[in-house]
Amino acid sequence: MEPSDIIYEGLSNFLLRKESHYYIFRVKDLVELNDLIIKEKLEVIILNPSILINRIQEFNKLRKNSPSLIWIGLIYAVFENELLSRFDDLINLTDTSDVISARLNKTLEKCNCRNNEQEELSERETEVLVKLLSGFSNKEIADQLNISIHTVISHRKNIIEKTGIKSLPGLTIYAISQKIIPLD
Amino acid sequence: MYQTHRIFAKPDMKMSDLIEENPRLLLLLEHFEIDFAVSDKTIAGICSENEISVSLFIMIVNLYNGFHPSKKDIDSLSDIIQILQFLKNSHDYYKNDKYPEIKGYIDKLPHNSYNKEVKLIENFFTDYFNEVLEHLDYEDEIAFPYFKMLTGAKDSKVMNDFSTDEYRNHHTDIETKLTDLKNLLLMHIKITDQLPLRRKLIFSLFEFEYDLQIHALIEEKILLPLIENIEKEKNHG
């Protein structure tokens, strides 16, 4: 998230030129960012801290909803330390390309191994998936498994994230292919 | 939203250079009914030859390259009929080109007891495409004629009870299931051998997905705001 075209183009060109592959999206405000977080699997958000001035509440909410996202501040003006302390890492306009890519790679490595570890569904997630495919609602699943609706929803979110499949018909095929449910 | 290409198109750029950078722009030419043999013509030249609005053309090229239009640029457009024609042509591409192609590949996958999931994939795709067709027919038969009428075209017959709110609701996200299909084939379903066939199938799904994403962006970011501007004007005047 960066209002200046020159700086956005500069930084993105420079990331795309590197050996690592990045998908780069640009958004203009926190509302668009929220949409993007829902639609895409983002790992790192680079943003100009000036966007957060008077919007700390919205920012905190985004952080809370997506705890695995890494937030990097792109600094080329003077900001209060209190604001800067909310970021996971900072990039300065004067940093060299090597410094920036080293920093990004370090943070991305952290997320990648987390993703790999999580690929298989846990026992509980499998249970939720089976119930979901049998046509039970979140409320019914929560009652049957003695867990809160909130927990059911977070299991469902994890199922989607791990399998990459969102629709029920798609999840059915997934479950059959993994022999979680029988074919018939 | 998709990966950004680096070239931001401008009227004096050569079309062939842009295609070199992003070959998917061939689809854009096809949807605008422009021949691929562009020699060394610039965007401006091609547009004037084909009587297409330069600002609209540039806006869509830039969408293909990953840049979203600004509100100011959209508000200055007045080429709804050309947008509708572009979208209609892409509908034809989905129905008459992409669908038979993907269906053909799925039909050729091994249907036997070792590959029981193939039948499921086939059914999934058939159901999915029926939904797509329903959506495209709704646009062709109800939404687009209404938009045409709004712009004052004479030959349009329209239902009176149409509204853009309804269009927005109807305009459901048909990309989700396509992504599911791709992920099933790439990550989960074991199919014996057939690598070349499966590669063609997956490539074809990627192509379809890319064009659908642009299609949805044109509808949401360009067409709908323009239609809403006209509706507002009519309601106030």
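The values are calculated or read from the model by the stated rules, or taken from the named source; none is laboratory data. What you are looking at is a predicted structure, and each value in this text was computed from that prediction instead of being measured. Note that each Cβ is placed from the backbone with ideal geometry, even for glycine, and that neighbours are counted across all protein chains shown. The accessibility values were calculated without ligands, DNA or RNA, using every heavy atom of the protein model including side chains. Shrake-Rupley method; radii C 1.70, N 1.55, O 1.52, S 1.80 Å.
Projecting label points 7 angstrom from Cα along Cα→Cβ for residue A:58 and residue B:72 puts them 2.1 nm apart. Extension gain, residue B:88 to residue B:165, is 25.7 nm, computed as 0.36 nm per intervening residue step minus the present C-alpha separation. Cross-link reach is defined here as a Cα-Cα straight distance under 19 Å, omitting same-chain residues fewer than 8 places apart; for residue B:200 the aspartates and glutamates meeting it are B:97, B:101, B:107, B:117, B:122, B:180, B:209, B:211. Residues in the stretch B:34-64, backbone N under 17 Å from the label point at residue B:14 (7 Å along the Cα-to-beta-carbon vector): list them, ranges by number please. Counting backbone N atoms under 17 Å from the label point, the list is B:36-47. If the chain linking residue A:4 and residue A:76 were pulled fully straight, counting 0.36 nm for each residue of separation and taking away their Cα-Cα distance, it would gain 24.8 nm.
Please tell me which of these pairs span more than 30 angstrom C-alpha to C-alpha: A:39/B:72; A:157/A:179; A:166/B:116?
Values: A:39/B:72 26 Å; A:157/A:179 21 Å; A:166/B:116 22 Å.
The pairs that break the limit, which is 30 Å between Cα atoms, do not exist here.
Per DSSP helix of 4 or more residues, -39500 (n - 2.57); summed, then divided by the residues of the protein assembly as shown. What does that give at 222 nm, rounded to the nearest 500? Don't skip to the end; give the middle numbers.
Details: 22 runs with 246 residues, N = 421.
Using -39500 (n - 2.57) per qualifying helix, the result is -18000 deg cm²/dmol.
Normalising the average separation of contacting C-alpha pairs (under 8 angstrom, six or more residues apart) by the number of residues puts the relative contact order of chain A at 14 percent. Cα axis of helix A:149-163 to longest principal axis of chain A: angle in degrees, 0 to 90, nearest 10? Once rounded, one gets 80 degrees.
How about the stretch A:84-184: which GluC sites (Glu not before Pro) there lie in a loop by DSSP and see at most 14 other Cβ atoms within 10 Å? Listed in order of number, the matching sites are A:119, A:120.
Taking only protein heavy atoms and a 1.4 Å probe, the accessible area of the stretch B:12-158 is 49% carbon and sulfur. As a fraction of the 1.4 Å probe accessible area of chain A, surface on carbon and sulfur atoms comes out at 51 percent.
Between chains B and A, what is the buried accessible area in Å², counting both sides, with a 1.4 Å probe and ligands, DNA and RNA left out, to the nearest 100? Before the final figure, lay out the partial values.
Values: alone 12750 and 12030 Å², together 22760 Å².
Buried area between the two chains comes out at roughly 2000 Å².
Note on residue B:112 and residue B:96: their simple-model spin labels are 3.8 nm apart, each label 7 Å out from Cα toward Cβ.
For the stretch B:1-78, state which GluC sites (Glu not before Pro) are in a DSSP loop and have at most 15 other beta carbons lying within 10 Å of their beta carbon.
B:33, B:51
Dividing the mean sequence gap of close Cα pairs (under 8 Å, 6+ apart) by how many residues chain B holds gives a relative contact order of 22 percent. Neighbours of residue B:128, meaning other residues whose beta-carbon lies under 9 angstrom from its beta-carbon, give a summed charge of -2 when Lys and Arg score +1 and Asp and Glu score -1.
DSSP beta bridges confined to the protein assembly as shown are antiparallel in about 10 percent of cases. One Cα centroid belongs to the stretch B:8-44, the other to the stretch B:193-207; the line between them spans 27 Å. On a 0 to 90° scale, report how tilted helix A:168-177 is relative to the longest principal axis of chain A, with both axes built from alpha carbons and the result rounded to the nearest 10. Once rounded, the angle reads 70 degrees. Along the Cα→Cβ direction, 7 angstrom out, place labels at residue A:40 and residue A:122. What is the inter-label distance in nm? About 2.9 nm separates the two model spin labels.
Any idea of the accessible area per residue across the protein assembly as shown, 1.4 Å probe, to the nearest Å²? Don't skip to the end; give the middle numbers.
On the way: 22760 Å² over 421 residues.
Per-residue accessible area for the protein assembly as shown comes out at 54 Å².
Annotation: extensible slack from residue B:35 through residue B:126 equals 29.5 nm (criterion: 0.36 nm per residue apart, minus Cα-Cα distance). Counted by Cβ distance under 11 Å from residue B:44, the other residues give a net charge of +1, where Lys and Arg count +1 and Asp and Glu count -1.
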